[in-house]
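Step one of this worksheet: look at the structure below.
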Amino acid sequence: MYSTAMSLSAASASAAAAAVASGATASRPNAIRPAAGLRFCGLRREALGLRSVRSSPQVVAARRSVAAAATAGNGAAGSGGFDYDLVIIGAGVGGHGAALHAVEKGLKTAIIEGDVVGGTCVNRGCVPSKALLAVSGRMRELQDEHHMKSLGLQVSSAGYDRQAVADHANNLASKIRSNLTNSMKALGVDILTGVGTIVGKQKVRYGKVGFPDNEITARNIIIATGSVPFVPKGIEIDGKTVFTSDHALKLESVPDWIAIVGSGYIGLEFSDVYTALGSEVTFVEALDQLMPGFDPEIGKLAQRILINPRKIDYHTGVFASKITPAKDGKPVLIELIDAKTKEHKETLEVDAALIATGRAPFTKGLGLENINVVTQRGFVPVDERMQVMDADGNAVPNLYCIGDANGKLMLAHAASAQGISVVEQISGRDNILNHLSIPAACFTHPEISMVGLTEPQAREQADKEGFEISVVKTSFKANTKALAENEGDGLAKMIYRPDTGEILGVHILGLHAADLIHEASNAIALGTRVQDIKFAVHAHPTLSEVLDELFKAAKVNAGVSHSVNEPVAA
């Protein structure tokens, strides 16, 4: 479902908006000339304008010198008198990805975890939520009598065992957690148990309550501590009738009527689960429309498919100023105020309330004050290479932060990609990750996925930089495989530049949208233009032909050459 410090829709929107606000220079290939030997992870040379803080050539050269020393021992022992070449604080998906890549690069690596391996994604997010959504998808299909009859199937009334569903989610999390742990142990990563604190330059202390602390040294340190649910003021959590996604994933109950505060990815996915299991849902959204952050056209279609036909109502433009848990036979009380005027609007009485207002970085207790680093709203400030910046705006040598803790793009796979990028850097290959090439997905039924800019964001960038954009769309109703599944509801749209063929964004709502988006995200990452990718061959009949038709529908200006994409720099 997520590994976010905010709703994924908000995270994707903020990342893209930041790119627009920074004055992205994707159209100006000569804006920056990178030094020879610079390697980009999913980033074209000309996209270097999408940056925050840049390191000087001297800093890059220093990194390479340090990296050469770090890899000289091939991981047999920490080099330069250090206990480890790399210590990672946090064993979530980001830390795990960084650790495995570090071992591949020959770095002696340790990972510190104060809770359980897997972090938010495996234990309280992406993984268990997918188990619940797998159940809701099957329940929804079995309950759709018209759909079943159209396929010639006759099914008796569908039912479920709540505890068995909850066990399925818990067992999946346990299995994946075990897999991650075993994969690190098998490769020789030292898993150190305890809370990690930075006590000085290249020094980390870790330990558990009631036990002596241990101090280790590392040539490089990565912070990968993730996030926790964000609960606004005035909301009282009891874990039973008013709860966060952490509690909801345990599925201890299925309320008759539940309010979901927040209609981003987290809230939308839980609405899919609860309505499939029989609950009525009321959304409470502070903005004026549901599903903020989605491409507006996709959002409107999603509301028609995912909201309107289901037992869901909603209040937009309001805050939940106070939520009181159910007790003494009284229901959960939710006081709503106008988001603009702050005047009281009404009070809802429901059986339960899920707080899906996003996530906050988990960075307290890291000891950042020991190295002159000040967080920004809890997030650790980093440059475009994920190197931590101190209070004076200088890069802290040998210290990096990835994933939810830095707030750049709060997705589990983004954290892993950032971790791999950092390991590439400390191994001597400078590497910059293009966050606009990272896809996001909402695993509702049907699914929603996106990569790159929304149409409004693309138009804003086009107006600012003086180029035109074009938009093409294809419908799932024209796809043979979707029709065979009787799942023709859906749309794919692409925003691109007709003067160059550059793909700016792709958005999909439909059957298996989360799987389909990767062809588009890889095209953006590799700089493949529409005039080239439209010649790619797709198997028939498959859902991938939705994108095939999308690419073929794109028209570039006369005279624009083919094979203009640049390879990843070596």
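Given the range 159-210, what whole percent of its Cα pairs are spread farther than 14 Å? Pairs farther apart than 14 Å: 71 percent. Just the protein heavy atoms count here, and of the accessible area of the range 95-195 at 1.4 Å, carbon and sulfur take up 50 percent.
Taken about its Cα centre, the range 436-553 carries a charge dipole of about 120 debye when Lys and Arg each add +1 at the Cβ and Asp and Glu each add -1 at the Cβ.
Each residue of the range 378-394 was assigned a 3J(HN,Hα) from its phi angle through the Karplus expression (A = 6.51, B = -1.76, C = 1.60, θ = phi - 60°), giving x, 7, 7, x, 9, 8, 6, 9, 6, 7, 5, 9, 8, 5, 8, x, 9 Hz with x at Gly and Pro. Extension gain for the segment Val374 to Gln154, taken as residue separation times 0.36 nm less the Cα-Cα distance, is 73.0 nm to one decimal.
Between the amide H of Asn220 and those of Leu86, Val87, distances stay under 5 Å, these residues lying 5 or more places away or on another chain, with hydrogens modeled in the peptide plane. Within the shell of other residues whose beta carbon sits under 15 angstrom from the beta carbon of Glu485, the net charge comes to -2, with Lys and Arg scored +1 and Asp and Glu -1. Karplus-based coupling profile of the range 541-546, in residue order and whole Hz: x, 9, 5, 4, 5, 4, with θ = phi - 60° in 6.51 cos²θ - 1.76 cosθ + 1.60 and x standing for Gly or Pro. Put simply, the C-alpha atoms of the range 120-181 give a gyration tensor, and the ellipsoid matching it has half-axes of 30, 11, 8 Å, longest first.
The ratio of the alpha-carbon radius of gyration of the range 493-558 to the globular-protein estimate 2.2 N^0.38 Å is 1.04. Out of the total accessible area of the range 242-357 (probe 1.4 Å, heavy atoms of protein only), what percent is carbon and sulfur? After summing per-atom areas, the C and S share lands at 48 percent. Of the residues Lys327, Lys201, the one with the largest accessible area comes first in the ranking Lys201, Lys327, computed with a 1.4 Å probe on protein heavy atoms. The distance linking the range 315-359 with the range 200-244 is 29 Å (Cα centroid to Cα centroid, whole angstrom).
Orientation-averaged projection of the range 380-485 equals 10.4 nm² [convex hull of Cα atoms, one quarter of hull surface area].
Per residue, the range 242-357 exposes 40 Å² of accessible surface when a 1.4 Å probe is rolled over the protein heavy atoms with every protein chain present.
Above 19 Å, the calculated P(r) of the range 316-435 contains 61 percent of its Cα-Cα pairs. Gyration tensor over the Cα atoms of the range 242-357: the corresponding equivalent ellipsoid has semi-axes (square roots of 5 times the eigenvalues, largest first) of 21, 19, 11 Å.
If only the Cβ of Lys and Arg carry +1 and only the Cβ of Asp and Glu carry -1, the dipole of the range 80-200 around its Cα centre is close to 200 debye. In order along the range 487-494, the phi-based Karplus estimate (6.51 cos²θ - 1.76 cosθ + 1.60, θ = phi - 60°) of 3J(HN,Hα) comes to 10, x, 6, x, 8, 10, 9, 10 Hz; Gly and Pro are listed as x.
Which links in Lys208/Lys408; Lys130/Lys477; Lys233/Lys345; Lys108/Lys364 stretch past 24 Å when you go from one Cα to the other? Check vs 24 Å cut-off fails for Lys208/Lys408; Lys130/Lys477; Lys108/Lys364.
The mean accessible area for residues of the range 436-553, using a 1.4 Å probe and ignoring ligands and nucleic acids, is 36 Å² per residue. Along its first, second and third principal axes, ordered by size, the range 115-260 spans 66, 44, 24 Å in Cα coordinates.
The candidates Cys442, Cys126, arranged from most to least accessible area with a 1.4 Å probe in the full protein assembly, appear as Cys126, Cys442. Computed log10 I(q)/I(0) for the range 436-553 at 0.10, 0.18, 0.19, 0.21 Å⁻¹: -0.27, -0.87, -0.96, -1.15, from the Debye equation with unit scatterers placed on every C-alpha and solvent omitted. Amide hydrogen proximity for Ala360: with H placed 1.01 Å from N in the peptide plane, the residues at 5 or more positions away or on another chain lying under 5 Å are Val228, Phe230. Using a cutoff of 8 angstrom between alpha carbon atoms and counting only pairs six or more residues apart, the relative contact order for the range 175-286 works out to 13 percent. Nonpolar atom fraction for the range 436-553, defined as the carbon and sulfur part of the 1.4 Å probe accessible area, stands at 54 percent.
The values are calculated or read from the model by the stated rules, or taken from the named source; none is laboratory data. Quantities reported herein were computed from a predicted structural model and do not represent experimental measurements. Reconstructed Cβ throughout: ideal geometry from the backbone, glycine too, with neighbour counts over all protein chains shown. We work out accessible area using only protein heavy atoms, side chains counted, and drop any ligands, DNA or RNA first. Shrake-Rupley method; radii C 1.70, N 1.55, O 1.52, S 1.80 Å.
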